[in-house]
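Just so you know, all these numbers are worked out from the coordinates, no wet-lab data involved. What you are looking at is a predicted structure, and each value in this text was computed from that prediction instead of being measured. Cβ: placed from backbone, ideal geometry, glycine included. Neighbour counts: every protein chain shown.
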């Protein structure tokens, strides 16, 4: 028969083991709570910082995808769009009417970009800088950017019908698309930050957009974009463009549309 002393010692040993296990569990739970609290604070800080300069969908993408905010080199397709002749037109519009037109324009253009997996990086006067593949790796970024450009064309046509009904002049846009390597990340000052893409590719897209004014087209793309496009995109070869700040002429193509081919 086991003596009471032995049972007491055994019970004491078990109780001690349980106490140690409980203490370790409580310590681990505390560590996890502190980790969750710290992570929550970090996310809140990140969201608060981003809220100063980017839309909510960009905040969510950066947090969910783990995009680096310190800067990293990426392959990105850049879309640069600008209203043609709007500066002169704006001089004859009342300020309230001008803001109304611009807000309607930016809303429609931003929708065309976001619906095609891009995001608007910057509004520059009446210009728009949009990026595809900057927040997340996107092997279809060229196709998405081309679709966004075509959507912009349709949006402008529909918006012009609305403006005509209000007795307002029609708008016209020029769009340039280029793809290349650059650095994506947070840039700016302590009080004003921006998630941006820095590189020669941005200048090329902007110059290409400006070049549409002398061509019979509203959307121009480069060879870097063309070689990654779905063959169903309808392109028209254009004369090489001599772009300001770029040493050699750039091969360009007019983006005419997209053919929805039926399957047999």
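For the pair residue 223 and residue 123, the difference between a 0.36 nm per residue extended length and the Cα-Cα distance amounts to 33.4 nm. For the range 109-151, list residues with backbone N below 19 Å from a point placed 7 Å from the Cα of residue 259 toward its Cβ? Backbone N within reach: 143, 146-147, 150.
Counting only the backbone N, which residues of the range 175-191 are under 20 Å from the spot 7 Å out from the Cα of residue 248 toward its beta-carbon? What the label zone holds, given the 20 Å backbone N cut-off, is 177-182. Projecting label points 7 angstrom from Cα along Cα→Cβ for residue 92 and residue 192 puts them 3.2 nm apart. Here the simple spin-label model places points 7 Å from the Cα toward Cβ, and for residue 136 and residue 200 these points are separated by 3.1 nm. Calculated from the alpha-carbon coordinates, the range 80-148 shows an Rg and a Dmax of 13.9, 44 Å respectively.
Once the mean of 1/r is taken over each pair of separate Cα atoms and inverted, the range 68-258 shows a Kirkwood hydrodynamic radius of 17.0 Å.
Of interest is the spacing of the C-alpha centroids, which for the range 71-119 and the range 223-264 amounts to 22 Å. Fraction of C-alpha pairs exceeding 19 angstrom in the range 212-264: 33 percent, rounded to a whole number. Modelled label positions at residue 111 and residue 161, each set 7 Å beyond Cα in the direction of Cβ, lie 1.3 nm from each other. Per-residue packing, averaged as other Cβ atoms within 10 Å, sorts the ranges 117-127, 137-147 into the order 137-147, 117-127, beginning with the highest. For the range 144-221, the calculated P(r), taken from all Cα-Cα distances in 10 Å bins from zero up to the bin holding the longest distance, is 17, 33, 31, 17, 2 percent. Peptides 199-209, 93-103, 224-234 ranked from most to least packed give 199-209, 224-234, 93-103, packing being the mean of other C-beta atoms within 10 angstrom over each peptide's residues.
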